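Student: What follows is a structure written as structure tokens; I'll ask about it next.
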Amino acid sequence: MKSLSLTIITSLCTLLAIGQNSKIGQTTVTEWQYDKNGAVSITYDDGSYNQFKDALPIMERIGVPATFFIITGGIPGSKYQGKFVGRPVKDIITESATIPTNQQNFLERCSAAGYLGYKGTITYHTKAAGQYDERHIKQAFKLMDSLYAKVRHGDFEPGYQPCDEYLQEKGSTWDDFRADAAKGYEFASHSITHAGMPGLDSANIVYELTKSKEEMLNQMGAKYTFSCEVPYGYENERVMQIAYKIYPALRNRMPEPWLKEIDRPSKKTPGATDHDYIQWQRECNTRAPLPLMKSWVDTAVARKDTWLVLVIHGVDGLGYEALPSTMLDEYFQYIKSKQKASIWIATFGDVTKYMREREAATVNSRIVKYQVKVKLTHTLDKAMYNLPLTLKTYVPSKWSQASIWQGKDGHQVEILQDAKGNYIKYQAKPNDGEITISGI
């Protein structure tokens, strides 16, 4: 574990009677916000309407935040819609009559599959992308050959039909999302059309991700361009390397050396690790009984190093693996019951920011007369990484009261005690000026 205890620059002060081995002034950044044992993030994929109609009011009543990964093209008023970036699809269709699908042309054909001018073709794209990602290459090629043969034979109805996930957003508006964001919910990108990106070439991956991000920027603001989930939870290396350059944080995968990740399909549970943090993704679906889902929370509480990321899709019959809102109500109440004593409930973006800020933090403390002075800084982008961190500072044993000042913000804090001595815990903003701790 990287030590966050910094060298204390000490000015000897007889009034405080600080000995050479004193802990007074020693300051660390706690593992989690508010010094909780672990963290939980509730996340939703696809933006299906019942997530907002049924689940969000429950979370609002209970008082828990969440992150919604939305398909931006499906919301009325969106500027950017799905399209194929490349040469005319008629040329691709014609070529498919004489040249079978192969490694050189698969990505182009799969990228164009949903935009050939016919309804029902998008499912071929989705299935082929999954098979290609799983290295079932011949099966993926056969799917493309079958699709293009049917198109040439006129087997499909003319038109365009997006995927089910896209259609299930019907009823939501950008105005609704802005109102919900003002209540503390995070909105994030899930691409323009919910495309199977292992089956897209680079130009079409870039289009789906950059234009979805631009839509989020224009409709919601820069704050909501931080997080993204590439559809279907893919961790395809080629796709990830493109996505990393577009979004600061991907739920699919995060490359930090201090973070161990356990993805949704894995049957592993958090165990011994030499990493500072564990991100443990679990999917709340019809195959996960409520007692099991509650046990995930209990594990995060008990371990100290675990960030439980819950993934939810459908709600009340609408969407993939839809769960009843009554079940979610009970589950969210259980999570909330753990908040006060042991768990930090926060959006995906906020937990990511806290961990990164903590890992990049530098803390310097010094003693000046009756006060402890603490300076908290990091070298990350200050506009993006501005979440307060929780600090723990040891203070003189004779203090019965303590107050904290950073800039114009000041308040009193409780003095606590552990085996090392008296200490206080408080919130501080990185790169926002020196913190002054006074006591009597």
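Student: As a check on your grasp of the helix formula, calculate [θ] at 222 nm for the chain: sum -39500 (n - 2.57) over DSSP H runs of n ≥ 4, divide by the residue count, round to the nearest 500.
Tutor: Using -39500 (n - 2.57) per qualifying helix, the result is -9000 deg cm²/dmol.
Student: Net charge around GLY47, counting only other residues with Cβ within less than 9 Å of its Cβ (Lys, Arg = +1; Asp, Glu = -1)?
Tutor: Local net charge: -4.
Student: Is the shape of region 306-416 rounded, prolate or oblate, going by the alpha carbon gyration tensor and its root eigenvalues a ≥ b ≥ c, with a/c under 1.5 for rounded and a/b larger than b/c for prolate?
Tutor: Because a/c hits 1.5 or more and a/b exceeds b/c, region 306-416 counts as prolate.
Student: Also, quick follow-up: Take peptides 96-106, 393-403 and line them up by average Cβ neighbours within 10 Å, highest first, as a rough protection proxy.
Tutor: The densest-packed peptide leads the list: 393-403, 96-106.
Student: Something else about it: Ranked highest first by the average count of other Cβ atoms within 10 Å around their residues, in what order do 23-35, 371-383 fall?
Tutor: Peptide ranking by packing, descending: 23-35, 371-383.
Student: At GLN417 and LYS170, where each label point lies 7 Å from the Cα along Cα→Cβ, what is the point-to-point distance in nanometres?
Tutor: If labels sit at GLN417 and LYS170, their model points lie 6.6 nm apart.
Student: Still on this structure, I have one more. Between MET327 and ASP432, with labels modelled 7 Å along Cα→Cβ, what's the label distance in nm to one decimal, could you check?
Tutor: Each label point is offset 7 Å from its Cα along the Cβ direction, giving 4.1 nm.
Student: Can you tell me how region 66-205 classifies by the Cα gyration tensor, rounded, prolate or oblate, using a/c under 1.5 as the rounded cut?
Tutor: Prolate is the answer for region 66-205, as a/c is 1.5 or above and a/b outweighs b/c.
Student: How many percent of Cα pairs in the chain exceed 34 Å?
Tutor: For the chain, the fraction of Cα-Cα distances above 34 Å is 42 percent.
Student: Which of rounded, prolate, oblate describes region 161-223, given a ≥ b ≥ c as roots of the alpha-carbon gyration tensor eigenvalues and a/c under 1.5 marking rounded, otherwise prolate only if a/b is larger than b/c?
Tutor: Note, shape of region 161-223 comes out oblate.
Student: How many percent of the accessible area of the chain is carbon or sulfur, using a 1.4 Å probe?
Tutor: 52 percent
Student: Could I ask something else about it? By how many nm would the segment from ASP145 to ALA341 lengthen if fully extended, with 0.36 nm per residue of separation less the alpha-carbon distance?
Tutor: 64.8 nm
Student: What does the highest-first list of 274-280, 55-61 look like by mean Cβ count within 10 Å?
Tutor: 274-280, 55-61
Student: Which residue, TRP344, TRP307, TRP258, tops the fluctuation ranking in a GNM of the chain built on C-alpha contacts under 10 Å?
Tutor: TRP258
Student: Using 0.36 nm per residue, how much length does the chain from TYR244 to ALA182 gain when fully extended, once their Cα-Cα distance is taken away?
Tutor: Gain on stretching TYR244 to ALA182: 19.6 nm.
Student: Distance cut-off 23 Å, Cα to Cα: go down the list LYS353/LYS425; LYS183/LYS245; LYS36/LYS223 and report the pairs above it.
Tutor: Those over the limit are LYS183/LYS245; LYS36/LYS223.
Student: Please work out the average accessible area per residue across the chain, using the 1.4 Å probe convention, and give it in Å².
Tutor: 44 Å²
Student: On full extension of the chain, what length is gained from LYS398 through GLN103, given 0.36 nm per residue of separation minus the C-alpha to C-alpha distance?
Tutor: Full extension of this stretch gives 98.8 nm more.
Student: What residues qualify as long-range amide H neighbours of ILE345, i.e. H under 5 Å apart, gap of 5 or more or another chain, H built at 1.01 Å from N?
Tutor: For ILE345, the qualifying residues are VAL40.
Student: What lysines could a cross-link reach from LYS127, if we take a straight Cα to Cα line under 21 Å and drop same-chain neighbours fewer than 8 places away?
Tutor: Output for LYS127: LYS83, LYS119, LYS138, LYS142, LYS150.
Student: Please report the spacing between the Cα centers of region 416-440 and region 249-282 in Å, no decimals.
Tutor: Cα centroid of region 416-440 versus Cα centroid of region 249-282: 31 Å apart.
Student: What nm distance separates the two modelled labels at THR379 and GLU256, each placed 7 Å from Cα along Cα→Cβ?
Tutor: Output for this residue pair reads 1.7 nm.
Student: So if we plug the beta-carbon distance of ALA272 and GLU237 into 1/(1 + (r/R0)^6) with R0 = 22 Å, what FRET efficiency do we get, rounded to 0.05?
Tutor: FRET efficiency, ALA272 to GLU237: 0.25.
The values are calculated or read from the model by the stated rules, or taken from the named source; none is laboratory data. Nothing here was measured: the structure is a model prediction, and the numbers come from that model. FYI the Cβ positions are ideal-geometry reconstructions off the backbone, even for glycines, and counts take in every protein chain you see. Areas reflect the complete protein model, heavy atoms only, side chains present, ligands, DNA and RNA absent. Shrake-Rupley method; radii C 1.70, N 1.55, O 1.52, S 1.80 Å.
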